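The values are calculated or read from the model by the stated rules, or taken from the named source; none is laboratory data. These numbers were taken from a predicted model, which means no experiment stands behind them. FYI the Cβ positions are ideal-geometry reconstructions off the backbone, even for glycines, and counts take in every protein chain you see.
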Amino acid sequence: MLTKSLKSTMKLTVLRKYKKGTYTIGLLLVDGNYFCETLEDTDRGLKQTDSLQTIRERKVYGETAIPTGEYTVRMDIVSPKYAAVEWYRNLCKGYMPRLMNVPGYDGVLIHPGTTALDTLGCILVGENKAKGKLLNSRATFSKLYAKLKAAASKGETITIKIV
């Protein structure tokens, strides 16, 4: 008798809503339900299916949102940058949600931050209650991290789709 192992998946979705000259505001859904707002660098229209050459030509380092597409999120990689900061050590020992295989980008994380100056292609989470900014980012990240960690601890796959 053959049995099929069905691993469940937590699905994150970032709906990019407001594409401005220096930042992009979006909505983060967890399994189809609204969770918070996001802030990213400028959306330059990159797609996961674009050639690496196209991505490199259009990307401005530290000022370009990652390509739209779907990525796996891993919770088992320590970020040396964040592991060195006490708040992150206390919360997650430096284990940050990391997007895998983002073409033309390395080390893309989901983390707290206030403005596009706080990201180099990463996805910031919080409440968009001020133009071009996120507020209550650490509290929002703490709640999201708990959800992601619980899913990973149960063996769930975590994906994120950027649209």
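May I ask you to verify whether I66 is hydrophobic (A, V, I, L, M, F, W, C), modelled with pLDDT of 95 or more, closer than 13 Å to C122 by Cα and in a loop (DSSP other than H, G, I, E, B)? Judged against the criteria, I66 is a match.
With respect to K154, is the statement that it is within 16 Å of T42 (Cα to Cα), among the charged types (D, E, K, R), touching a Ser or Thr at 6+ places or on another chain (Cβ under 9 Å) and in contact (Cβ under 8 Å) with a residue 60 or more places away in the chain true? Answer is no for this residue.
If you go through region 143-163 and keep only what is among the polar types (S, T, N, Q) and within 14 Å of the chain's Cα centre (by Cα), you end up with just T159.
Would you call E57 under 15 Å from the mean Cα position of the chain (by Cα) and either charged (D, E, K, R) or exposed (fewer than 13 other Cβ atoms within 10 Å of the Cβ) (or both)?
Answer is no for this residue.
Check whether at least one residue in region 31-39 is aliphatic (A, V, I, L, M), buried (at least 21 other Cβ atoms within 10 Å of the Cβ) and in contact with a helix residue (DSSP H, G or I) (Cβ under 9 Å, 6 or more places away or on another chain), and report yes or no.
Within region 31-39, the first condition is being aliphatic (A, V, I, L, M), and the residues that meet it are 39.
Cutting the leftovers down to buried (at least 21 other Cβ atoms within 10 Å of the Cβ) gives us 39.
If we keep only those that are in contact with a helix residue (DSSP H, G or I) (Cβ under 9 Å, 6 or more places away or on another chain) too, we end up with 39.
Yes, some residue in region 31-39 is aliphatic (A, V, I, L, M), buried (at least 21 other Cβ atoms within 10 Å of the Cβ) and in contact with a helix residue (DSSP H, G or I) (Cβ under 9 Å, 6 or more places away or on another chain).
Among residues of region 48-59 that are assigned to a helix (DSSP H, G or I), those with a beta-carbon under 8 Å from a residue that is of a type in the set (S, T, N, Q) and surrounded by 11 or more Cβ atoms within 10 Å (Cβ to Cβ) at least six positions away or on a different chain give the pairs R58/T64. Residues that are over 18 Å from Y71 (Cβ atoms), touching a Lys or Arg at 6+ places or on another chain (Cβ under 9 Å) and not in a strand (DSSP E or B) within region 21-42 comprise just one, Y23.
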